[in-house]
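Derivation of every value follows stated rules applied to the coordinates shown; laboratory data play no part. These numbers come from a predicted model, not from an experiment. Cβ atoms come from the backbone with ideal geometry, glycine included; neighbour counts cover every protein chain shown.
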Amino acid sequence: MASVEVTDQIDKLRSDFPIFADIRASRPFYYLDSAASSQHPAVVIDAMDRYYRHSHANVHRGVYGLAEEATGIYENARKHLGRFIGANDPSHEIVFTKNATEALNLVAQGLGRVLLTSESHVLLTEMEHHANLVPWMILQEQLGFTIEYLPFDAEGLLVLDDLDAMLERASILGVTLMSNVLGTLNPVAMLSERAHQHDVLVVADGAQFVPHFATDVSELGVDCLAITAHKMLAPTGIGALWARAEILDRMQPFLGGGEMISDVRLDGFTANEIPHKFEAGTPPIAEAAGWDAALGYLEKVGMATISAHDRSLTNYAMIQLQERLDDRITIFGPPDVTKRGGVISFELADVHPHDVAQVLDQHGVCVRAGHHCAKPLMRQLGVGATARASFYLYNDEQDVDALVDALLDAYRLFHD
Amino acid sequence: MNDLDDLYREIILDHYKNPRNQGVLEGPTVHAQEGFNPLCGDEVTIYAQVEDDVVVDIKITGQGCSISRSSASLMSQAVKGKSIDEVKATVSRFKRMIAVEESEGEPEEVDLRVIGELAALQGVVKFPVRIKCATLPWNTLMIALEDAQAR
Ligand SMILES: Cc1ncc(COP(=O)(O)O)c(C=O)c1O
């Protein structure tokens with residue numbers, strides 16, 4: 001059960017999210033799909049609104065006051081995000097991108113092209129999201145290196161028996177901090193330490209982890225971290241790559257255009273300083289303002305409170321699902337809730353996940369059904385699709401109860 | 001009927017639980033075709049045995065939701081023994097019923113005597129994401145038949 005203080009705090013903060021007031025008033029609404037995208041507190045929407053009404057101009061270009069103001073808003077968001085994840089040099093080590101996917105493509109093309117040859121090995125895991133698989137596969141087609149994969153076991157935990165041998169061959173390790181399907185929290189601090197013993201650089205996918213856990217890149221020991229804003233109360237259209245300054249310095253630019261250059265002649269160009277050399281074109285400025293506000297909101301609630309709330313709700317959900325659905329449900333991923341985040345993928349006996357999600361929708365319960373952009377992982381699980389419920393700070397036990405009730409209804413519909 | 005009951009009609013659930021014409025066909029006149037729905041991971045393989053422009057037998061394997069599986073099962077019954085031209089007409093009627101051909105505009109009221117049990121899939125119209133599930137086996141069959149005719 002959630003501790004009383006945490007639950008109290010959660011009850012109060014749901015009213016900070018306009019969507020719950022708007023939709024819940026008209027029909028039942030149990031939003032259990034924050035792992036796909038989270039909802040926005042009013043402060044985020046207001047920050048974007050304020051920016052558009054009072055502060056909009058292009059950044060890094062104009063000398064007039066308004067342009068300087070917009071630049072300040074954008075650069076403040078960068079510094080805030082840097083501090084949020086414990087970057088050493090917040091104003092230089094954060095590259096804004098469109099999302100985590102673009103950040104991972106930037107690492108593959110920017111770092112991979114400098115570091116890898118046809119002889120190289122890249123080590124990934126079988127539980128990666130397509131965003132941390134396909135960019136490497138695209139680069140592999142260009143350079144012809146080898147990709148190896150760390151497998152996972154029946155509980156959804158990485159199998160590390162051959163880790164050292166694999167790391168010995170590898171130049172880059174790409175690993176997700178938290179699986180978007182299994183919920184597994186990977187032991188990335190340990191993996192980084194081992195990787196560095198073999199001179200392997202670690203590229204971490206933080207899309208699921210950073211929104212839910214206090215993140216400190218030096219504690220994690222990773223070299224690059226991909227983040228996406230829209231899973232952490234912030235708008236879509238913006239994400240970031242964090243990397244240590246010396247790595248960003250080594251990386252080649254990925255997208256070319258304005259802003260990323262310091263000089264262009266007819267016979268070539270000179271790239272701008274980091275992080276600007278990776279930010280070609282006009283960036284998502286209002287989105288950065290929204291993200292800045294979201295970070296402030298998360299800090300105010302406290303990342304430790306959020307993690308504790310996620311965990312107690314996950315625990316409650318695992319118990320309810322098992323007790324009330326029993327052998328009618330299969331839950332994937334670690335049974336131990338201390339080894340997972342607030343994501344539960346499951347299969348309801350003989351009911352396809354698509355049908356599960358459809359019946360749940362009729363009850364106002366929003367869950368994701370499908371392969372969750374992790375087809376290799378699904379093949380390992382031996383399923384084509386799963387249904388997935390995921391939790392965030394605005395969810396409560398009522399959401400879980402509604403989920404279980406609706407699942408029982410779906411089961412009945414297909415078995416009577 | 002609420003929308004959900006309309007989607008999950010008795011016939012749909014029956015064909016989902018007991019799909020007809022399951023299995024594999026082999027031989028020189030068999031045209032096998034795989035189809036995928038990348039959105040949800042549904043997979044279907046259609047084996048159409050075509051002789052003298054007639055679909056003499058059809059078998060299906062795959063995995064998917066109740067809509068794609070029952071649609072495949074219902075389709076197999078509807079096309080077995082029909083000429084390719086008749087099959088094409090059935091496909092076109094089916095697609096008009098669930099309004100997938102944009103130019104056709106609104107979903108059409110179908111003549112139940114012509115469309116038969118396929119009418120059970122009409123409820124999917126109200127669930128636009130599910131239309132792709134319903135059409136997957138049909139589109140896959142069309143590719144198999146084009147292949148048969150090209151040969
Ligand atoms: C683990 C993981 N990595 C990467 C991504 C990609 O995030 P985005 O679509 O915002 O780029 C997601 C989101 O679905 C994810 O869950």
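The angle between the Cα long axis of helix A:285-301 and the main principal axis of chain A comes to about 50°, on a 0 to 90 degree scale. For the stretch A:19-152, the ratio of Cα radius of gyration to the globular rule of thumb 2.2 N^0.38 Å stands at 1.45. For the stretch A:86-283, taking the reciprocal of the average inverse distance between every pair of different Cα atoms yields a Kirkwood hydrodynamic radius of 17.0 Å. Inter-chain neighbour count for A:363-373: the average number of beta-carbon atoms from partner chains within 10 Å of each residue's beta-carbon is 2. Would the stretch A:368-414 count as rounded, prolate or oblate if I go by the C-alpha gyration tensor, calling it rounded below 1.5 in a/c and otherwise prolate when a/b exceeds b/c, oblate otherwise? Judged from the Cα gyration tensor, the stretch A:368-414 comes out oblate (a/c at least 1.5, b/c at or above a/b).
Its relative contact order, with pairs defined as Cα atoms under 8 Å and 6+ residues apart, puts the stretch A:86-283 at 27 percent.
Close amide H partners of B:ILE58, meaning residues 5 or more places away or on another chain with modelled amide H under 5 Å apart, are B:GLN49.
DSSP bridge analysis restricted to the protein assembly as shown gives an antiparallel fraction near 70%, rounded to the nearest 5.
At q = 0.15, 0.20 Å⁻¹ the log10 of I(q)/I(0) for the stretch A:86-144 amounts to -0.51, -0.82, computed by Debye summation with a single uniform scatterer per C-alpha, solvent ignored. Relative contact order of chain A: 22 percent, from C-alpha pairs under 8 Å at least 6 residues apart in sequence. Of interest is the spacing of the C-alpha centroids, which for the stretch B:69-101 and the stretch A:24-86 amounts to 50 Å.
The tail of the calculated P(r) for the stretch A:77-195, taken as Cα-Cα distances beyond 22 Å, holds 40 percent of the pairs.
The alpha carbons of chain B occupy a box of 47, 28, 27 Å along the principal axes, longest dimension given first. For the segment B:37-43, counting C-beta atoms of other chains within 10 Å of every residue's C-beta and taking the mean gives 6. The calculated Kirkwood hydrodynamic radius for the stretch A:259-410 is 18.5 Å, given to one decimal from all distinct C-alpha pairs. 3J(HN,Hα) couplings calculated from phi for the stretch A:13-23 with the Karplus curve 6.51 cos²θ - 1.76 cosθ + 1.60 (θ = phi - 60°) are, in sequence order, 7, 4, 6, 6, 10, x, 4, 6, 5, 5, 7 Hz; Gly and Pro show x. Please state the relative contact order of chain B as a whole percent: Cα pairs under 8 Å, 6+ residues apart? The value is 29 percent. Protection proxy ranking, highest mean first, for peptides A:198-208, A:320-330: A:198-208, A:320-330, where packing is the per-residue count of other beta-carbon atoms within 10 Å, averaged. Its DSSP H runs of at least 4 residues, each contributing -39,500 (n - 2.57), put the calculated 222 nm mean residue ellipticity of chain B at -14000 deg cm²/dmol, to the nearest 500. Directionally averaged projected area (chain A, Cα convex hull): 21.3 nm². Counting, for every residue in B:63-75, the Cβ atoms of other protein chains within 10 Å of its Cβ and taking the mean gives 3.
Axis angle, to the nearest 10 degrees, between helix A:65-84 and the longest C-alpha principal axis of chain A: 60 degrees. Applying the Karplus relation 6.51 cos²θ - 1.76 cosθ + 1.60 with θ = phi - 60° to the stretch A:344-358 yields 3J(HN,Hα) values of 10, 9, 8, 10, 9, 3, 6, 10, 5, x, 4, 5, 4, 4, 5 Hz, where x marks Gly and Pro.
Here the gap between A:ASP11 and A:LEU255, fully extended at 0.36 nm per residue and compared with their Cα-Cα distance, gives a gain of 83.4 nm. Computed from Cα positions, the angle between helix A:303-325 and the longest principal axis of chain A comes to roughly 30 degrees.
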